[in-house]
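Enquirer: Quick one: this structure, given as structure tokens, is what I'll be asking you about.
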Amino acid sequence: MKVGIISLLSESSKMIGKECRDYFDKVEMINIRDVNVSSSTNSLETLYNAKKLDTFDCLYLRGSYKNALLLRAISECYLNTTYLPIKPDSFTIGHDKFLTILELQKHGIDIPKTYVASTISSAKKILETVNYPVMVKIPSGTHGKGVMVADSYAAASSVLDTLEVFKQPYIIQDYVETNATDVRAIVLGDKVVAAMRRKASNGELRANIHMGGKGTPIELDYNTERIAVKAARAVGAEICAIDILESRKPKVIEVNLSPGLRGITSVTKKNVAGKVAKFLSERTKEFTENKKKENIKEIIGVIDKDKNEIITNLDIKLGRIRLPQIISKLADIKDEEEVVIKVVKGRIEIEKH
Ligand SMILES: Nc1ncnc2c1ncn2[C@@H]1O[C@H](COP(=O)(O)OP(=O)(O)O)[C@@H](O)[C@H]1O
Ligand SMILES: [Mg+2]
């Protein structure tokens with residue numbers, strides 16, 4: 001089995017790559033800066049240093065919000081043929097805090113009340129109705145850097161004016177009292193494999209480790225674990241970190257698609273990168289098995305492997321013939337491609353035009 005990890009080659013991505021060597025025959029570490037995607041009417045290709053990127057059994061994509069569109073495009077190229085732990089549209093959702101909130105809301109997951117407005121004057125109307133302090137966030141911020149706390153209408157109003165000057169989009173969010181703590185949970189599939197409670201440093205309300213927050217290992221209760229798994233599913237990510245505020249009911253604030261692993265590894269003393277690698281290999285095996293089964297279901301018997309002849313029952317609906325998926329794959333004929341079809345009684349030939 002071969003895995004590709006496309007990333008910014010951060011320390012965490014390298015940790016995962018190293019652990020993958022225990023589970024995959026081949027591990028390819030690819031710098032996202034050398035990758036681009038080309039799309040034309042009939043093709044969608046990922047290029048790596050100007051050559052078509054290889055095929056993989058598993059492709060794990062990591063990067064920052066700046067790479068969100070590229071990550072989505074790469075994963076679209078490999079959809080259906082390769083195991084992808086993160087669905088293409090997750091990259092656009094997960095790298096935008098407001099799109100994430102919308103998705104969580106749709107799936108009935110508790111969130112802090114969050115507001116979005118298109119003009120400064122309508123945003124200020126919101127500020128007249130909220131309780132203080134209030135949070136103002138840049139939708140694509142990370143490491144706590146795009147998160148601002150305003151203690152009063154005057155403070156919040158001047159934050160909005162400043163963001164307007166810098167043409168930065170923002171969201172306004174109710175402050176949830178947690179004594180400056182939050183919970184970070186690493187989700188792999190339907191489990192939380194590591195979790196910590198982070199406490200912000202003195203005088204700070206943002207609990208991010210990058211902001212000086214200190215973590216302690218915790219075991220999540222059943223309910224909070226289910227919420228974390230549900231949040232991961234809501235955005236379509238089988239591997240991610242979920243940030244949760246522990247209020248009367250746990251509220252999810254963020255889904256991180258490329259979580260840093262150093263902090264959580266040293267706090268929980270768990271080999272999180274190893275768990276990610278193992279999860280990738282197990283899910284890749286499942287994916288490959290399921291694909292094989294799908295193809296076998298369609299084919300009754302193979303007459304001649306070299307000639308690619310197969311026996312199957314024709315699926316004819318309303319007079320239209322649907323051929324098994326393997327046939328278009330072997331013939332390398334794409335949807336809407338122009339072909340010449342020659343028909344005589346008892347025989348059909350399809351050829352690329
Ligand atoms: N609504 C909120 N109420 C209270 N604290 C919050 C709220 N939103 C964020 N925080 C604090 O700020 C930190 C960073 O917020 P988050 O939305 O996770 O952005 P980032 O992507 O920068 O980590 C959180 O870890 C938490 O400590
Ligand atoms: Mg966060």
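A short reminder: the numbers here are calculations on the coordinates, not readings from a lab. A quick note: this is a predicted structure, and the numbers were derived from the prediction, not measured. Ideal geometry is used to build each Cβ from the backbone, glycine not excepted, and the neighbour counts take in all protein chains shown.
Enquirer: Over the range 52-138, what is the relative contact order in whole percent, taking alpha-carbon pairs under 8 Å and six or more residues apart?
Expert: Relative contact order, the range 52-138: 21 percent.
Enquirer: Additional query: For the chain, what are Rg and Dmax over the alpha carbons, in angstrom?
Expert: Over the chain's Cα set, Rg and Dmax evaluate to 24.4, 83 Å.
Enquirer: With labels modelled as points extended 7 Å from the Cα through the Cβ direction, what inter-label distance (nm, one decimal) is found for residue 157 paired with residue 33?
Expert: It is 4.5 nm.
Enquirer: For the range 113-175, what are the per-bin percents of Cα-Cα distances with bins 5 Å wide, up to the bin holding the maximum?
Expert: P(r) over the range 113-175, rounded to whole percents: 4, 19, 36, 28, 11, 2.
Enquirer: Moving on. Springs between alpha-carbon atoms under 10 Å, Gaussian network over the chain: tell me which of 189, 203, 274 tops the mean-square fluctuations.
Expert: Greatest mean-square fluctuation among the candidates belongs to 203.
Enquirer: Additional query: Go through 230/317; 2/334; 106/269 and tell me which ones have a Cα-Cα distance over 32 Å in this structure.
Expert: 230/317; 106/269
Enquirer: Report the FRET efficiency, 1/(1 + (r/R0)^6), for residue 120 and residue 266, where r is their Cβ-Cβ distance and R0 is 56 Å, rounded to 0.05.
Expert: The value I calculate is 0.85.
Enquirer: Right, another one. At what distance in nm do the modelled label points of residue 335 and residue 216 sit from each other, each positioned 7 Å from its Cα along Cα→Cβ?
Expert: So the two model labels end up 5.3 nm from each other.
Enquirer: Comparing 247, 281, 140, which has the greatest mean-square fluctuation in the GNM of the chain with Cα pairs linked when under 10 Å apart?
Expert: In the Gaussian network model the winner is 247.
Enquirer: Related question: Quick one: if you stick a label point 7 Å off each Cα along the C-beta vector at residue 309 and residue 223, how many nm between them?
Expert: Between residue 309 and residue 223, the label points sit 6.6 nm apart.
Enquirer: Can you tell me, using C-alpha contacts under 8 Å and at least 6 residues apart, the relative contact order of the chain as a whole percent?
Expert: 14 percent
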